[in-house]
1. Among the residues of segment 71-90, what is the count of those that are without any contact (Cβ under 8 Å) to a residue 40 or more places away in the chain and assigned to a helix (DSSP H, G or I)?
2. State which residue is modelled with the lowest pLDDT when the search covers only segment 149-163 and only residues that are in contact with a helix residue (DSSP H, G or I) (Cβ under 7 Å, 6 or more places away or on another chain) and either surrounded by fewer than 20 Cβ atoms within 10 Å (Cβ to Cβ) or under 23 Å from Val231 (Cα atoms) (or both).
3. Kindly indicate whether Gly78 is closer than 30 Å to Lys160 by Cα, of a type outside the set (Val, Ile, Thr) and in contact with a helix residue (DSSP H, G or I) (Cβ under 7 Å, 6 or more places away or on another chain).
4. Given the options Lys264, Lys344, name the one that is within 32 Å of the chain's Cα centre (by Cα), modelled with pLDDT under 80 and closer than 20 Å to Ser224 by Cα.
5. Between Leu85, Leu57, Leu66, which is more than 15 Å from Val337 (Cα to Cα) and crowded, with 22+ Cβ neighbours inside 10 Å?
6. Residue check: is Asp93 in a helix (DSSP H, G or I), modelled with pLDDT under 90 and of a type outside the set (S, T, N, Q)?
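The values are calculated or read from the model by the stated rules, or taken from the named source; none is laboratory data. Nothing here was measured: the structure is a model prediction, and the numbers come from that model. Here Cβ is always computed from backbone atoms with ideal geometry, including for glycine, and neighbour counts include all displayed protein chains.
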Amino acid sequence: MPPSVITQNTTVSFNGTLITALHNMTNITKTNTTLAKSEGTNAHDIVVIVIHIFLFLLAAVGNITLIVVRLKTFMQHGLSAYKQLICHLSVADIIFATAVPLDIYSRINKKDLIQNTIVCKFLKTTQSASLTASISIMTVMAFERYQGISNPLRHRWTTKKVFLLFVAIWGYSYINFIPYTIALGVQYGTCYDIGEKYPHPEFGKWYTLYQFLSTWLLPVVLISVFHLGMVWKLVTHRKTIRGSIYCRSATADCRSQDGSSRPKRKMIKILVVIVTLFALLTLPIHVWYLWHEFADRSSSQEKGLNMTEIFASMVYTHSAVNPVIYSIMDQSFREDVKNMLGLKHQKKKSLLLRGVNGTTKGALDCKENIVVKQ
């Protein structure tokens, strides 16, 4: 008997990771596949499908646009290590967003698209690893910013170093999911982690706890520590500048030095918003499955399903919000997008023509005034 299908009265096991839980939530809504096909897609499924299509399009278009814009800038002027890490974060978000079409397919057809065991293992593991890669890249971004503020003259991360870190992060993410990959398989038309393949009946419970500690709690704590360190460095630096004798005698130079830290503060604010939203959007489903693993499982399956769908949509949202944050908070990103689309060039051309017309009109008016005086 598979742990995530058959009947609604059967206790559902959520051993493993978020991807399996998110994708399998559509498989516990019906008594079996035949009954699901006969009932078709209901109004509730249609609403969820529409929401997930919107999230997928936003994640795909937004992150691809961000990567293309940054690559174009990199080819022309080069990119800082921080912006290169942003591109790598977008890659991880796009990979995770591929889980959304699979969920939509399952809702419409009442069965999984993946029926091959090898494809099941590779795709599910990669999607799960991408979520770990996202929070790991955010941790590296926070550490990179902390080093940049602590030692601005010595700090310089090369493109090679950033790429090697990216490879190391994905290697760690895949290693982290080796037990999950081994347990993955296709059974009863569903791709999921089969509980019987784990080395011990209680393994799934403690593996879920380990995933929460290693892929959410520890990274969030590290990022918080780095951010507090950055704030402390900036505040100390600002007080040092304002308290110096030179600053008191040269107000303009003091303001110039104080203003030089504004771009750093801006990058910190953007990173804080990104990490905060990630933590808030992914924490509920972590807590939900921890509660399900360690608490009484006799609760209503229908209530569990509704909560899972809400939390799943929140997790999917995290892969789509980052481009929106950059569009709102990063002026340079907006300008780069306008340059890529040719909007800024057209605006400059319009202003130039307007200036030429204004100059010509002014010259004609001046000539008419001279003629009248004569």
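1. Of the residues in that region, 6 qualify.
2. The selected residue is His155.
3. Details: closer than 30 Å to Lys160 by Cα: yes; of a type outside the set (Val, Ile, Thr): yes; in contact with a helix residue (DSSP H, G or I) (Cβ under 7 Å, 6 or more places away or on another chain): no.
No: the conditions fail for Gly78.
4. Values: Lys344 fails: closer than 20 Å to Ser224 by Cα.
The match here is Lys264.
5. Numbers: Leu57 fails: crowded, with 22+ Cβ neighbours inside 10 Å; Leu66 fails: more than 15 Å from Val337 (Cα to Cα).
After ruling out the rest, the residue left standing is Leu85.
6. Working: in a helix (DSSP H, G or I): yes; modelled with pLDDT under 90: no; of a type outside the set (S, T, N, Q): yes.
So Asp93 does not fit the description; no.
The rows are residues; the columns are (1) at pLDDT 90 or above; (2) among the aliphatic types (A, V, I, L, M); (3) exposed (fewer than 15 other Cβ atoms within 10 Å of the Cβ).
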{"site": "Asp112", "(1), (2), (3)": "no, no, no"}
{"site": "Thr139", "(1), (2), (3)": "yes, no, no"}
{"site": "Phe143", "(1), (2), (3)": "yes, no, no"}
{"site": "Leu165", "(1), (2), (3)": "yes, yes, no"}
{"site": "Gly171", "(1), (2), (3)": "yes, no, yes"}
